[in-house]
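Read through the structure below, which is laid out as structure tokens, and then see the notes.
The values are calculated or read from the model by the stated rules, or taken from the named source; none is laboratory data. These numbers were taken from a predicted model, which means no experiment stands behind them. Quick reminder, even Gly has a Cβ in these numbers, built from the backbone with ideal geometry, and neighbours come from all protein chains shown.
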Amino acid sequence: MTAALVAGLLAGYGIAIPVGAVATYLVSLTARTSLRTGGCAALGVATADGLYALVAALGGAALAAALRPVLVPLRWASALVLLAMAVRGAVGAVRQYREQRLTARSVRDPVHPARAYLTLLGITLLNPTTVIYFAALVLGSRTAEAVRPLEQGVFVLAAFVASASWQLLLAGGGALLGRALTGHRGRLVTALASSAVIVVLAIRMLVAP
């Protein structure tokens, strides 16, 4: 039981900690909106990680084999969604800057928390790296004895908690960043920088072997 708990925590942090396009977008989104919206987006990422951990724990080998023929389409779909997010974020920031509405936070978030949750859930589910990571981890740790359902449940729950804790930490950092950058020019620069990083990461995803 303890081994499953530790393995789940390590798996969750292992996939969550590397900063990529999703993490960059999460921090930027929270800085532009609120901690509530960013927290919902963070839970969207953690939910996807938890779902993939569950699927990998139940049938990692079969899943890895089934996904192998569609990895390229999944990578393209993920990259295109990231590029769309980057363009939309940059265009929205420029429009708000020109209208001088970035001097203070709006009373109402421009992105609804439920929409933020679903958006980050979707983009994380599109990432084939996550499921292959969990599949390889589960396969590598299996012994001759079958893993009991209780241990599988502990592994999945621990992976979700680990991912959620890290994503919420990133959202908290985004909220602090948003408070620090009170000027509309600072928010514009942050949004454009975030979009540029996301574009670079999306391009790297496409050219990766």
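From the list Ala31, Ala42, Ala53, pick out the single residue that is farther than 21 Å from Leu83 by Cα and surrounded by 24 or more Cβ atoms within 10 Å (Cβ to Cβ).
Ala53
Does Ala31 satisfy the criteria of being among the aliphatic types (A, V, I, L, M) and closer than 21 Å to Ser195 by Cβ?
yes
Would you check if Ser34 is of a type in the set (Gly, Ala, Ser), modelled with pLDDT of 80 or more and more than 14 Å from the chain's Cα centre (by Cα)?
Here the answer is yes, as Ser34 does meet what is asked.
Residues that are at pLDDT below 70 and part of a helix (DSSP H, G or I): does segment 170-178 have at least one?
No, segment 170-178 contains no residue that is at pLDDT below 70 and part of a helix (DSSP H, G or I).
Select from segment 130-154 the residues that are at pLDDT below 65 and of a type in the set (Ser, Thr, Tyr) and write down the one among them that is surrounded by the fewest Cβ atoms within 10 Å (Cβ to Cβ).
So the residue we want is Thr143.
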